[in-house]
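Comments concern the structure below.
The values are calculated or read from the model by the stated rules, or taken from the named source; none is laboratory data. Computed from a prediction, not measured in an experiment: that's the story for all the values here. All Cβ positions, even for glycine, are placed from backbone atoms using ideal geometry, and neighbour counts span all protein chains on display.
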Amino acid sequence: MQPPKPPKLVGPLRWCAGILLVGGAVGGIIAINHNGKLEQGNAAPAAIKGKASTLMVARKHGTCVDSVQNPLRWNADVETGDRISCFNRHYAERAGSWLTTDFIANEQGRQEPIIFYDSVTSKPLFQAPVGRSWDQFIQESTEHGWPSFRDQEVITDDTRVLEDGEVVSMDGTHLGHNLPDGKGNRYCINLVCVAGQPPKAGVVEGGEE
């Protein structure tokens, strides 16, 4: 699979919460603070800071250890997931596209936080809602266009924020970007990148239990 070509800067452009959205199936994301400097990486907690030079290297499938799972959870689009997760560092699924999946229909009404797994490895990366209601999580995510997680919703074992604010997994899966706001860090994540199936019972990394 070839890496996706960045979209041409034509068509509708709009600013949303500090993000430049470029029309097209895959929109470019540029997050800029009021000084015009990229500060998303610096704002992340020390425990999840990572380096692009060691995490986002060439692997078996782009930057990923393998292709994304098929099928993905919630009927998320596999082709988009593979392109965004493994052959991309700067672009995102279309704003609001996560609302076209089965996510809300399948998960609404759950009493426990939802675990979001890496679309390649099934390692847990986020859990939500934590410290807020389901409605608050959905409202914020809907307003911004992508699932939006807060610090307390990050599973720190395998989630990292790079120097420029890019959010990735320890296995090289691109996830999204950290876009801090007045409430703190907001991890703006592509659902197709965290729609992995839950790991099968009795199976651990590297083989059978």
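Restricting the stretch 41-70 to residues that are among the hydroxyl-bearing types (Ser, Thr, Tyr) and in a loop (DSSP other than H, G, I, E, B), the residue that is nearest to residue 184 (Cα to Cα) is 63. Can you work out which of the residues in the stretch 130-140 that are hydrophobic (A, V, I, L, M, F, W, C) and over 21 Å from residue 159 (Cα atoms) is surrounded by the fewest Cβ atoms within 10 Å (Cβ to Cβ)? Filtering the stretch 130-140 for residues that are hydrophobic (A, V, I, L, M, F, W, C) and over 21 Å from residue 159 (Cα atoms), the one surrounded by the fewest Cβ atoms within 10 Å (Cβ to Cβ) comes out as 134. Exactly one residue out of 127, 197, 111 is in contact with a strand residue (DSSP E or B) (Cβ under 8 Å, 6 or more places away or on another chain) and surrounded by fewer than 15 Cβ atoms within 10 Å (Cβ to Cβ), and it is 197.
Please verify whether the stretch 112-120 includes one or more residues that are touching a helix residue (DSSP H, G or I) at 6+ places or on another chain (Cβ under 7 Å), small (Gly, Ala, Ser) and closer than 15 Å to residue 50 by Cβ. Within the stretch 112-120 (the criterion being touching a helix residue (DSSP H, G or I) at 6+ places or on another chain (Cβ under 7 Å), small (Gly, Ala, Ser) and closer than 15 Å to residue 50 by Cβ), the answer is no, since none of the residues qualifies.
Tell me which residues, restricted to the stretch 166-197, are part of a loop (DSSP other than H, G, I, E, B) and more than 18 Å from residue 141 (Cβ to Cβ). Correct list: 170, 171, 172, 173, 196, 197. Give me the residue from the stretch 81-108 that is of a type in the set (A, V, I, L, M) and in a helix (DSSP H, G or I) and, out of that set, surrounded by the most Cβ atoms within 10 Å (Cβ to Cβ). The selected residue is 84. Quick check on the stretch 110-125. Is at least one of its residues in a loop (DSSP other than H, G, I, E, B), over 16 Å from the mean Cα position of the chain (by Cα), modelled with pLDDT under 95 and not aromatic (Phe, Trp, Tyr)? There is at least one residue in the stretch 110-125 that is in a loop (DSSP other than H, G, I, E, B), over 16 Å from the mean Cα position of the chain (by Cα), modelled with pLDDT under 95 and not aromatic (Phe, Trp, Tyr).
For residue 141, indicate whether it is hydroxyl-bearing (Ser, Thr, Tyr), part of a loop (DSSP other than H, G, I, E, B) and touching a residue at least 24 places away in the same chain (Cβ under 8 Å). When the stated conditions are applied, residue 141 does not pass them. Can you work out which of the residues in the stretch 148-176 that are more than 13 Å from residue 52 (Cβ to Cβ) and in contact with a Gly (Cβ under 7 Å, 6 or more places away or on another chain) is surrounded by the fewest Cβ atoms within 10 Å (Cβ to Cβ)? Step by step, filter the stretch 148-176, then rank; the result is 152.
Assessment of the stretch 159-179 against the conditions (more than 25 Å from residue 67 (Cα to Cα) and either out of contact with any strand residue (DSSP E or B) (no Cβ under 9 Å at 6 or more places or on another chain) or aliphatic (A, V, I, L, M) (or both)) yields at least one matching residue. Within the stretch 146-162, the residues that satisfy the criterion of being touching a helix residue (DSSP H, G or I) at 6+ places or on another chain (Cβ under 7 Å), more than 19 Å from residue 87 (Cα to Cα) and either modelled with pLDDT under 95 or not in a strand (DSSP E or B) (or both) are 146, 147, 156. Put simply, of 148, 133, 169 the only residue that is hydroxyl-bearing (Ser, Thr, Tyr) and over 17 Å from the mean Cα position of the chain (by Cα) is 133.
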